[in-house]
Amino acid sequence: MHTTMPLSAAALHTLPEAVQRPRYDRASHAPGVVHLGLGAFHRAHQALVFDHLLAGGDTRWGILGVGMTRPDLVAQLRAQDGLYAVRVADGQGVRWQVPGALWRTHVATTEREAVLQAIAAPTTRWVTLTVTEKGYTAALGQLLLDGLRLRHRNGLPGLTVASCDNLQGNGQKLKAWVQAAATAGDTELLRWLDTHCAFPCSMVDRIVPAATPEVMAAAQEALGVQDQCALSTEGFWEWVIEDRFADPSDAALLKSAGVRVTDDVHSYEEAKLRMLNGSHTAMALMGAITGRPYIASCIGVAHIRTFVHQLMSREVSPHLSRTDWASYRDALIARFGNPYLKHSVHQIATDSSQKIPQRWPPSVLGQMAHGASFERHALAAALFVRYTLGEDEQGQAYALNDPQAELLKALGAAQRSEPEACVRALLAREDLWGKSLPGHAAWIARVTHWHQQVLHLGADAAIQQLLAQDA
Ligand code: CS2
């Protein structure tokens, strides 16, 4: 029986010529970056930026990747010598690449001491993080502070610690978690942290769906090797980072690799969170309720596309400081439609309770301050309430993957018999909507209205009704 060779360092020379692969030395240098969170996003975004720097001869960008939640994934990556294929595909074409930046791996839960040692290693210069919205906890702050304490004790230079999660002001939030882990004896450490370590804010963008068997099969076909960790992404990528580094000369290096280094990350962050991620969450809930599996299957429907277009143009853009929002919106709609990205609506709907706060309320509050319509966000919020039923319009059950799942299900359970009470209960949560929306009568009234339409007419008809009234 013919068996296909697994992807590994030894198999690199067998790859077809067109596949970009590491041609640099991956064994003689220690990694310079400790990355927390080995999900698909990091492996198809920053790992490629660092791969580019390594390919240019700068040996300081090898990654020690720390798996926070998935020891199985770490084991698979280890078995493949940290190598995996990335398919980059969109209207411009399809190509495969095997980045070589991931040099070592650890599992946070079982190898904590090794992670601390890595943060404290003399060769380490950066720590980067993609631990998702719910990963920002006291335990994370403690892990980083313990590693930094070792560094400080050994008289080593400070680090750049870069949060790359979808949170507004992510660098400041991370720094606050690290500082909060300090105890009374840490005064010197905190002073060193302030003066020698940098916590830049950053906005990262690239659509990278979770790995699927289909992509693994495509990798085998294109590369002739078996790759359990293959990923698929789009050509577009963006990394905007605040000009705040432990080693200031990193700014020029990152720029040379296509990263935007600026003092104004805020305007990029807010535009991305509210335009891209805000639309994503609305479409994901819509898809989950109506049984459309992918973002591309949602944006391909005329009334959903118009709804998303209006959401961005009428309710999000008036409150952005980024002025090129119209071309940004058009580019997003094209990206959402990328037929190569089977981006599951249920993946994006995961952790909605953690995502909604950054994605929707700022635009709703902005519209209210201008006395302008927030109908599209009210309908999106109604979709969220409907989503908590855990069953689509064809009666198919789906899982609610969310740290608040039990609570959301309990609050949403009675929505067919007591719709108003359910809407009120869900809208009362300040952790989701912020301080002022829960008490806003017009907001509650409009969400209640759209929720009734969604329940009685279905989500598609509700959207069509909203478009017809054109408010
Ligand atoms: C998505 C993001 O899953 C989600 O919540 O909205 O992962 C999105 O694909 C990325 O932020 C794009 O840069």
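The values are calculated or read from the model by the stated rules, or taken from the named source; none is laboratory data. If you're wondering where the values come from, they're calculated on a predicted model, not measured in any experiment. Methodologically, a virtual Cβ is constructed for each residue, glycine included, from the backbone with ideal geometry; neighbour enumeration extends over all protein chains shown. Areas reflect the complete protein model, heavy atoms only, side chains present, ligands, DNA and RNA absent. Shrake-Rupley method; radii C 1.70, N 1.55, O 1.52, S 1.80 Å.
Annotations
- Accessible area per residue, Å², segment 332-471 with all protein chains present, probe 1.4 Å: 40 Å²
- Heavy-atom surface of segment 1-122, accessible at 1.4 Å and reported per residue (Å²): 43 Å²
- DSSP bridge orientation in the chain - percent antiparallel, rounded to nearest 5: 30 percent
- Convex hull volume of the Cα atoms of the chain, normalised per residue: 158 Å³.
- Label-point separation in nm, Val94 to Lys173, each point 7 Å along Cα→Cβ: 3.6 nm
- The magnitude of the dipole of the chain, with charges of +1 and -1 set on the Cβ of Lys/Arg and Asp/Glu and taken from the Cα centre, is near 180 debye.
- With 0.36 nm allotted per residue and the present C-alpha distance subtracted, the Ala471-Leu156 stretch has 107.4 nm of extension available.
- Residue-level accessible surface for Lys173, protein heavy atoms, 1.4 Å, Å²: 90 Å²
- Placing +1 on the Cβ of every Lys and Arg and -1 on the Cβ of every Asp and Glu, with no other charges, gives segment 9-263 a dipole of roughly 380 debye about its Cα centre.
- Rolling a 1.4 Å probe over the protein heavy atoms of segment 121-167, with every protein chain left in place, gives an accessible area that is 59 percent carbon and sulfur.
- All-pairs Cα distance distribution in segment 14-76, expressed in whole percent, bin size 5 Å: 4, 16, 24, 23, 21, 11, 2, 0
- Hz values of 3J(HN,Hα) by residue in segment 312-327 - Karplus curve (6.51, -1.76, 1.60), Gly and Pro given as x: 6, 5, 8, 10, 9, 4, x, 10, 9, 8, 6, 8, 8, 5, 5, 6
- Ordering 333-344, 3-14 by mean Cβ neighbour count within 10 Å, with the highest value first, yields 333-344, 3-14.
- Per-residue [θ]222 nm for the chain (sum of -39500 (n - 2.57) over DSSP H runs n ≥ 4, rounded to 500): -13000 deg cm²/dmol
- Solvent-accessible surface of protein heavy atoms, probed at 1.4 angstrom with all chains present, puts His440, His377, His456, His52 in the order His456, His52, His440, His377, largest first.
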